[in-house]
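First comes the structure, then the notes that go with it.
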Amino acid sequence: LASGAAAKAREGSAVLAMAGVPLPASLSAAEPPPDPACALCARYCPCAHLSYSARLAGFGICFLLGLVLSLASLTSLTQLLLGNPRPFATKYTLGNAISIASSMFLMGPTTQCNNMFHPDRRGATLLYLASMVGTFLAVSAVQSGLLALVCVCFQMGALVWYVFSYVPYGRACLRRCFSNAMRFAV
């Protein structure tokens, strides 16, 4: 069924190309050249050989595990406020990392990385990853509760900004809500 739909799409794009209508590369009749990173991933990534139901199960398990860890971090919130940030920051950051990694089961690591580092999301992704590393460094090397809390706040903000990049007009709406809230607060 899927190959039939792909064949019809190729036929339709070939007709448009013969009519002189310029087509984007994603709609051209020719197959795109294989991406070397995808070939490498297909060879070494265990996700590449999973069935669709196994990918869904992997996504569900990882996402739920990440969600449980992130929610379990709330039980350590009092320890954070009392000066012991390690349990809260570790659970929260690991939960976020596992939840984000769960989507690799659905689309594969190469596509996931390409989506994360798309020019629209690159800043949010870099801030998110830097704040995750900063959180671990704050609780292990520096042992600063305040720095860990700041890094966790940056994690939350970067994650929200990243998620809203997938929603049409999401970031514009978020900016408007934030500016209205700031105007109301002042």
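The values are calculated or read from the model by the stated rules, or taken from the named source; none is laboratory data. Bear in mind that the values here come from a model prediction, so they are computed numbers and not experimental data. Glycine gets a Cβ as well: all are built from the backbone with ideal geometry, and neighbour counts include every protein chain shown. The area values use the complete protein model at the heavy-atom level, side chains included, leaving out ligands, DNA and RNA. Shrake-Rupley method; radii C 1.70, N 1.55, O 1.52, S 1.80 Å.
The conditions are (1) farther than 21 Å from Ser131 by Cα; (2) modelled with pLDDT of 90 or more; (3) open to solvent by 80 Å² or more (accessible area, probe 1.4 Å), and Val68 fails exactly one of them. Which is it?
(1)
Let's see how each residue does on (1) within 25 Å of Cys62 (Cα to Cα); (2) among the hydrophobic types (A, V, I, L, M, F, W, C); (3) assigned to a helix (DSSP H, G or I):
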position	(1), (2), (3)
Thr110	yes, no, yes
Ala124	yes, yes, yes
Val139	yes, yes, yes
Leu146	no, yes, yes
Phe154	yes, yes, yes
Trp161	yes, yes, yes
Pro168	no, no, no
Arg171	no, no, yes
Arg175	no, no, yes
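Give me the pairs, please: first residue somewhere in region 165-182 and at negative phi, second residue anywhere and of a type in the set (Asp, Glu) and open to solvent by 50 Å² or more (accessible area, probe 1.4 Å), beta-carbon distance under 7 Å, and either six or more positions apart or on two chains.
Final answer for the pair search is Ser165/Asp120.
Restricting to region 97-114, count the residues that are at pLDDT below 90 and open to solvent by less than 50 Å² (accessible area, probe 1.4 Å).
From region 97-114, those at pLDDT below 90 are 99-114; that's our starting set.
Restricting the remaining residues to those that are open to solvent by less than 50 Å² (accessible area, probe 1.4 Å) gives 99-103, 105, 108-110, 112.
So the count comes out to 10.
Determine if region 137-146 includes at least one residue that is open to solvent by 70 Å² or more (accessible area, probe 1.4 Å), under 20 Å from Leu71 (Cα atoms) and more than 18 Å from the chain's Cα centre (by Cα).
As a first pass, look at region 137-146 and keep what is open to solvent by 70 Å² or more (accessible area, probe 1.4 Å): 137, 141-143, 146.
Next cut, under 20 Å from Leu71 (Cα atoms) only: none.
No.
Rundown of residues vs (1) free of Cβ contacts under 8 Å to residues at least 40 places away in the same chain; (2) closer than 18 Å to Leu64 by Cα, yes/no style:
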site	(1), (2)
Pro87	yes, no
Gly95	yes, yes
Ile98	yes, yes
Ser102	no, yes
Leu106	no, yes
Gln112	yes, no
Pro119	yes, no
